[in-house]
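Worksheet for the structure shown next.
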Amino acid sequence: ANVFALLDELTLGKRGVSIDLFKKVLFLGEQPLRLLGLLISHFRSMLMIKSLETDRCSQQDIAKQCGKHPFVVKKNLGMLRRVSVDDLTRIMLILKETDLHIKTGRYRPDLALEIMTADILAITGRTA
């Protein structure tokens with residue numbers, strides 16, 4: 001199972017595929033905190049790209065400001081068509097809370113990530 005496929009499917013709000021990939025990624029030994037770090041990085045990048053698009057920046061300018069290849073920006077903008085800056089901001093808060101829950105021991109890492117996945121899909125899945 002590919003972590004990057006999981007990131008894409010979560011962003012697109014594809015519930016069944018996302019949950020299956022999430023379980024496979026953890027089953028295959030991906031460390032929960034590493035996975036959370038990848039999710040944080042991914043959605044932070046998505047928020048930056050969407051914010052710049054909302055500010056009417058061109059794809060070339062977005063690529064330059066984000067330090068991403070133009071192809072990556074184009075692909076991400078396609079995935080973000082139905083997701084708002086507010087949605088992405090809420091996802092970033094979910095990720096922050098998940099990090100806190102894991103690091104304070106409130107939830108086991110696997111359970112915290114499962115809850116987080118459901119919470120993210122509640123946002124991205126309603127737009128899919």
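The values are calculated or read from the model by the stated rules, or taken from the named source; none is laboratory data. What you are looking at is a predicted structure, and each value in this text was computed from that prediction instead of being measured. Don't worry about glycine lacking a Cβ; one is built from the backbone with ideal geometry, like all the others, and counts go over all protein chains shown. Side chains included, ligands, DNA and RNA excluded: accessible areas come from the protein's heavy atoms. Shrake-Rupley method; radii C 1.70, N 1.55, O 1.52, S 1.80 Å.
Accessible area of E97 (1.4 Å probe, protein heavy atoms only, ligands and nucleic acids ignored): about 100 Å².
Helix 85-103 axis versus longest C-alpha principal axis of the chain: approximately 30°, rounded to the nearest ten. Compared with the dominant Cα axis of the chain, that is its longest principal axis, helix 3-12 is turned about 70°.
Counting only heavy atoms of protein chains, what accessible area per residue, in Å², does the range 1-103 have with a probe of 1.4 Å?
Details: 5990 Å² over 103 residues.
Result: 58 Å² per residue.
Could you work out the helix-only [θ] at 222 nm for the chain, with each DSSP H run of four or more residues adding -39,500 (n - 2.57) and the total divided by the number of residues, to the nearest 500 deg cm²/dmol?
Details: 7 runs with 99 residues, N = 128.
Result for the chain, helices only: -25000 deg cm²/dmol.
Take the Cα of R44, step 7 Å toward its Cβ, do the same at Y107, and the gap between the two points is 2.1 nm.
How large is the dipole of the range 4-92 about the Cα centre if only Lys and Arg carry +1 and Asp and Glu carry -1, each at its Cβ, rounded to the nearest 20 debye? Write out the running numbers ahead of the final one.
Working: 15 positive and 9 negative charges, 22 e Å.
Here the size comes out at about 100 debye.
Accessible surface of the chain, 1.4 Å probe: 55 percent of it comes from carbon and sulfur atoms.
Hey, what angle do you get for helix 15-27 against the long axis of the chain, alpha-carbon based, 0 to 90 degrees rounded to 10? Approximately 60 degrees, to the nearest 10. Listed by chain and number, the lysines placed with their C-alpha closer than 18 angstrom to that of K64 are K50, K74, K75; residues fewer than eight positions away on the same chain are left out.
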